[in-house]
Amino acid sequence: MALFCILTIGDYREITIRKQGKPLKKVLYINIQYVNLAFDIVLKLSAMKESCEKYEQQITKAKETIGLIEQELHQVRLKLQNDPNNAIYMQELKNISLDMTITLNELEHSESALENCISQQNS
């Protein structure tokens, strides 16, 4: 979360945007009526950056989940080698395959959303 510090001296306003205590940006405005517009722009940019971070986190989580699902899939395949006609193992295999498909779709969606987010920030 970004923190805004405002210093007003006469008609001048200096706005410092801080994140985790470190200054990110310092802007000096002569005309005070533009300060609200500047805040709107900064808030939108901050929200866009946070939304991009959200997609990065979703991608990381999906990749972790895929790793776990692959381990489960390996275990079920080993069980099926020993007992290929076991209905319970077959059902587990179907469920794991469905989980993998859903997670891969989520990963693809998050990667696409991240690309869109980044392209919006750059434009």
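If only residues of the stretch 99-123 that are in contact (Cβ under 8 Å) with a residue 60 or more places away in the chain and among the hydrophobic types (A, V, I, L, M, F, W, C) are counted, the one that is surrounded by the fewest Cβ atoms within 10 Å (Cβ to Cβ) is ILE118. Pairs linking a residue in the stretch 72-98 that is loosely packed, with under 13 Cβ neighbours inside 10 Å to a residue that is at pLDDT 95 or above and of a type in the set (Asp, Glu), with Cβ atoms under 7 Å and 6 or more positions apart or on different chains, do not occur.
Examine the stretch 33-53 for a residue that is at pLDDT 85 or above, in contact with a helix residue (DSSP H, G or I) (Cβ under 8 Å, 6 or more places away or on another chain) and not in a loop (DSSP other than H, G, I, E, B), and state whether such a residue exists. No, every residue in the stretch 33-53 fails to be at pLDDT 85 or above, in contact with a helix residue (DSSP H, G or I) (Cβ under 8 Å, 6 or more places away or on another chain) and not in a loop (DSSP other than H, G, I, E, B).
Modelled with pLDDT under 60 and within 23 Å of the chain's Cα centre (by Cα): is that true of LEU68 in this structure? When the stated conditions are applied, LEU68 does not pass them. Restricting attention to the stretch 76-123, the residues being hydroxyl-bearing (Ser, Thr, Tyr) and over 15 Å from GLN58 (Cα atoms) number 5. When GLU64 is tested against (1) out of contact with any helix residue (DSSP H, G or I) (no Cβ under 7 Å at 6 or more places or on another chain); (2) surrounded by 12 or more Cβ atoms within 10 Å (Cβ to Cβ), only condition (2) is not met.
Taken as a whole, the condition of being in contact with a helix residue (DSSP H, G or I) (Cβ under 9 Å, 6 or more places away or on another chain), more than 17 Å from GLU64 (Cβ to Cβ) and assigned to a helix (DSSP H, G or I) applies to MET90.
The values are calculated or read from the model by the stated rules, or taken from the named source; none is laboratory data. Note that the structure is predicted; figures quoted are calculated from it, not measured. So basically every Cβ, Gly included, is an ideal-geometry build from the backbone, and we count neighbours across all protein chains shown.
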